[in-house]
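One structure is given here, and the rest of the page talks about it.
The values are calculated or read from the model by the stated rules, or taken from the named source; none is laboratory data. Since the model is a prediction, treat every value here as computed from it, not as a measurement. Methodologically, a virtual Cβ is constructed for each residue, glycine included, from the backbone with ideal geometry; neighbour enumeration extends over all protein chains shown. For accessibility, only protein heavy atoms count, side chains too; no ligands or nucleic acids. Shrake-Rupley method; radii C 1.70, N 1.55, O 1.52, S 1.80 Å.
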Amino acid sequence: MKFCEMPYSRPDVDAMIAHCNELTEKFAAAQSAQEQIEIFTLLEKDKLELFDMESIVYIRNSVDMNDEFYAAEREYLDNNLPKMSEAYNKFNKAMLESKFIDELKKEFGEHMFNCLEMEQRSFSPAIIDLMAKDAELCTRYQTILASAQIEFDGKVLNTSQLGAYRYNSDRALRKAAMEAEGKYFEQYKEELDEIYDKLVKIRTEIAHTLGFENFVEYSYVSKKRSYTAKDVANFRKQVKEVMVPKNIEYKKMQAERIGVGENFMFYDDAFAYPDGSPLPKYDRPELVRRAHQMYTELAPETKELFDTMVEKELFDLDAKPGKRPGGYCATMYGKGLPFIFANFNGTQGDVDVLTHEAGHALASFTACKEVKYFALQDCGAESAETHSMSMEFLTTPWHHLFFGEDTAKYQESHTKGASFFIPYGVIGDYFQELVYTHPEWTPAERDKCWLDLESQFRPYLDYSEVPFNARGATWQKLAHIYVIPFYYIEYSLAQTLSLQFFAMFLENPENAWAKYMEFLRYGGTMGFEETIKACGLVSPFEEGSIEKICAPIYKWLDEKFGK
């Protein structure tokens, strides 16, 4: 069955809550661990059905946010799914209080119970209404992004299509495109500031209601992190000491190459080559066909995945009016099927999507087949982003299929791009840490904070010529900061792991793929640090780890592309 043919029916949330409560009572009264495991399995079946309906709504609403039916269904789920949390929380509490807990831990593993304990700490019925208000505000923000119809260069473009101009060889056109984008966001300045201000206050109230000092402390628990803010601070310190100086060196080389010298502006950042940035040579259908060839040749696991996705049309890749910006991979776990969503705009990002999101897709596709329980299939965000970012590097032998004579350019810009991204991801996380420890800040103070962090971690960028960016509002374009708070450091940590996999690939491609599949097959059975240790990788939290991880990558870049 193709995705477009998959049926949707609105979940009866009240009936599901009643059934969950019934199962909770039966679980508590069960006379054996086996009986409790069977009851757990029944609840998982309900969860899978709900999750699939939620995924279908999310995907179809993203594809066309003007579709009134799926907009209404999204609103219904936003308002009602938080109610499920209370019922699930009661069931989880019963699991933690089971007199057969030792036997249950043998079946499900210690990690799951550690996560259940953190869920107990990060939820209360008292926050349900706050969660619903949070979801409504996030949808309001996403609607502003998706509604962008910007007149530029004789066309009407959304933000994804406008982003393609960052790679244009005409510097004046690059600047004009960023000015047009900035003007679009400026017209919503008051509303964007209002939405975020309300989100900060709601999230702070959630944290205080649950007894946390602030939303930062709450987030580390709610995201079930095994590492601490202190660990992240150490990682951040190493990134600043090791990567930022090297990135400044690379950006000076880029500025000289494109002929702007010391007048390097932020709209020059993506333009790395005077004869044109590396662009894919084909349209969307041909790119997909070539991706199919790549994954057929890469490994049996990727062949099976892509065969399935092509057969069932589990893609929506073209940018179009009313479509949500960005890209993602969503999974219908009940069906064992991933879906890749993107906004192709003719840039190298189109190829990045076909590798990055395919990494997510392979992970969930594999977990659905190999991990017995739904609760253990979905891993933490750090591991998930390691799956996707590493796939971008492990497909290196096939980059020529997309870029032809520009393959070397792409490999240089892609690898350096990973080095540039890690400090950028650090900014996204650090910014939120500072905002949520200062919930009283005004919009102007938040903007000032963003500019200060940019000056520390990306000091080579000059935003002065475009008012929206010059005042420090660039962060308002980043949906994660509004919609998925604190989902940012995961990207930087994962990118660091992906560089380890690339270093392994440069030494022995077969070994790198085997190690990658080992990492991937753990699914959600272990936490991020446990998985790193099990696979014999270097933890990015270790002192000196960033220097150790980056040294072979910088050596490869300097030898292959010059210093």
Q. List pairs: first in segment 300-326 and over 16 Å from His360 (Cα atoms), second assigned to a loop (DSSP other than H, G, I, E, B) and of a type in the set (Lys, Arg), Cβ under 9 Å, 6+ apart or cross-chain?
A. Glu311/Lys2; Lys312/Lys2; Glu313/Lys2
Q) Here are some conditions: (1) of a type outside the set (D, E, K, R); (2) closer than 21 Å to Gln348 by Cα; (3) out of contact with any helix residue (DSSP H, G or I) (no Cβ under 8 Å at 6 or more places or on another chain). His414 meets all but one. Which one does it not meet? A) (3)
Q | Where Gly261 falls short, out of the listed (1) surrounded by fewer than 16 Cβ atoms within 10 Å (Cβ to Cβ); (2) outside any loop (DSSP other than H, G, I, E, B); (3) over 25 Å from the mean Cα position of the chain (by Cα) | A | (2)
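Residues to consider are Phe123, Phe152; find the one that is under 30 Å from Lys90 (Cα atoms) and in contact with a helix residue (DSSP H, G or I) (Cβ under 7 Å, 6 or more places away or on another chain).
Details: Phe152 fails: under 30 Å from Lys90 (Cα atoms).
The match here is Phe123.
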Q | Considering residues of segment 430-465 that are aliphatic (A, V, I, L, M) and either crowded, with 20+ Cβ neighbours inside 10 Å or free of Cβ contacts under 8 Å to residues at least 40 places away in the same chain (or both) only, the residue farthest from Ile489 (Cα to Cα) | A | Ala444
Q. From the list Ala361, Ala342, Ala330, which one is over 30 Å from Tyr227 (Cα atoms), among the small types (Gly, Ala, Ser) and either buried (at least 20 other Cβ atoms within 10 Å of the Cβ) or at pLDDT 95 or above (or both)?
A. Ala342
Q: Scan segment 131-151 for residues that are more than 29 Å from Tyr373 (Cβ to Cβ), open to solvent by 20 Å² or more (accessible area, probe 1.4 Å) and part of a helix (DSSP H, G or I) and jot them down.
A: Lys133, Glu136, Thr139, Arg140, Thr143
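When you look at Gly346, is it free of Cβ contacts under 8 Å to residues at least 60 places away in the same chain and either at positive phi or in contact with a helix residue (DSSP H, G or I) (Cβ under 9 Å, 6 or more places away or on another chain) (or both), yes or no? First the steps, then the outcome.
On the way: free of Cβ contacts under 8 Å to residues at least 60 places away in the same chain: no; either at positive phi or in contact with a helix residue (DSSP H, G or I) (Cβ under 9 Å, 6 or more places away or on another chain) (or both): yes.
Spelling it out, it is not the case that Gly346 is free of Cβ contacts under 8 Å to residues at least 60 places away in the same chain and either at positive phi or in contact with a helix residue (DSSP H, G or I) (Cβ under 9 Å, 6 or more places away or on another chain) (or both).
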(Q) It is to be established whether one or more residues within segment 309-318 are at pLDDT below 95 and either in contact with a His (Cβ under 8 Å, 6 or more places away or on another chain) or surrounded by fewer than 19 Cβ atoms within 10 Å (Cβ to Cβ) (or both). (A) yes
Q. Taking segment 98-125 on its own, how many of its residues are without any contact (Cβ under 8 Å) to a residue 40 or more places away in the chain, over 21 Å from Phe215 (Cβ atoms) and open to solvent by 30 Å² or more (accessible area, probe 1.4 Å)?
A. 6
Q) Which condition breaks for Ala180 when tested against (1) outside any helix (DSSP H, G or I); (2) hydrophobic (A, V, I, L, M, F, W, C); (3) touching a strand residue (DSSP E or B) at 6+ places or on another chain (Cβ under 7 Å)? A) (1)
Q) Could you list, in sequence order, the residues of segment 2-41 that are in contact with a Lys or Arg (Cβ under 7 Å, 6 or more places away or on another chain) and assigned to a loop (DSSP other than H, G, I, E, B)? A) Lys2
Q.
Name the residue that is nearest to Ala384 (Cα to Cα), counting only residues in segment 530-546 that are open to solvent by 60 Å² or more (accessible area, probe 1.4 Å) and assigned to a helix (DSSP H, G or I).
A. Glu530
(Q) What are the pairs with Cβ atoms under 8 angstrom where one residue, in segment 62-74, is closer than 17 Å to Ala479 by Cβ and the other, located anywhere, is of a type outside the set (S, T, N, Q) and part of a helix (DSSP H, G or I)? Sequence gap at least six, or different chains. (A) Met65/Ala71; Met65/Ala146; Arg74/Val57; Arg74/Tyr58
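Just for segment 233-258: of the residues that are open to solvent by less than 20 Å² (accessible area, probe 1.4 Å) and among the β-branched types (Val, Ile, Thr), which one is farthest from the chain's Cα centre (by Cα)? It would help to see each step written out before you state the result.
Just the residues of segment 233-258 that are open to solvent by less than 20 Å² (accessible area, probe 1.4 Å), to begin with: 235, 238-239, 243-244, 247, 250-251, 254-255.
With the extra rule that they be among the β-branched types (Val, Ile, Thr), the set shrinks to 239, 244.
On the way: Val239: 20, Val244: 23 Å.
Filtering segment 233-258 for residues that are open to solvent by less than 20 Å² (accessible area, probe 1.4 Å) and among the β-branched types (Val, Ile, Thr), the one farthest from the chain's Cα centre (by Cα) comes out as Val244.
Could you tell me whether any residue of segment 498-518 is within 17 Å of the chain's Cα centre (by Cα) and either closer than 30 Å to Glu107 by Cα or at pLDDT 95 or above (or both)? Spell out how you get there, then give the answer.
Within segment 498-518, the subset within 17 Å of the chain's Cα centre (by Cα) is 498.
Next, only the ones that are either closer than 30 Å to Glu107 by Cα or at pLDDT 95 or above (or both) stay: 498.
There is at least one residue in segment 498-518 that is within 17 Å of the chain's Cα centre (by Cα) and either closer than 30 Å to Glu107 by Cα or at pLDDT 95 or above (or both).
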Q) Can you tell me how many residues in segment 181-230 are over 30 Å from Ser383 (Cα atoms), of a type in the set (Phe, Trp, Tyr) and touching a helix residue (DSSP H, G or I) at 6+ places or on another chain (Cβ under 7 Å)? A) 2
Q: Please go through segment 80-121 and pick out each residue that is modelled with pLDDT under 95 and among the small types (Gly, Ala, Ser).
A: Ser85, Ala87
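Identify, please: which residue in segment 42-87 is hydroxyl-bearing (Ser, Thr, Tyr) and out of contact with any Lys or Arg (no Cβ under 8 Å at 6 or more places or on another chain) and is, among those, most open to solvent (accessible area, probe 1.4 Å)? Before you say what the answer is, go through the steps one by one.
Within segment 42-87, the first condition is being hydroxyl-bearing (Ser, Thr, Tyr), and the residues that meet it are 55, 58, 62, 70, 76, 85.
Narrowing the set further to residues that are out of contact with any Lys or Arg (no Cβ under 8 Å at 6 or more places or on another chain) leaves 55, 85.
Working: Ser55: 12, Ser85: 34 Å².
Looking at residues that are hydroxyl-bearing (Ser, Thr, Tyr) and out of contact with any Lys or Arg (no Cβ under 8 Å at 6 or more places or on another chain), I get Ser85.
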Q: Report, by residue number, each residue of segment 183-219 that is under 22 Å from Arg140 (Cα atoms) and not in a helix (DSSP H, G or I).
A: Gln187, Tyr188
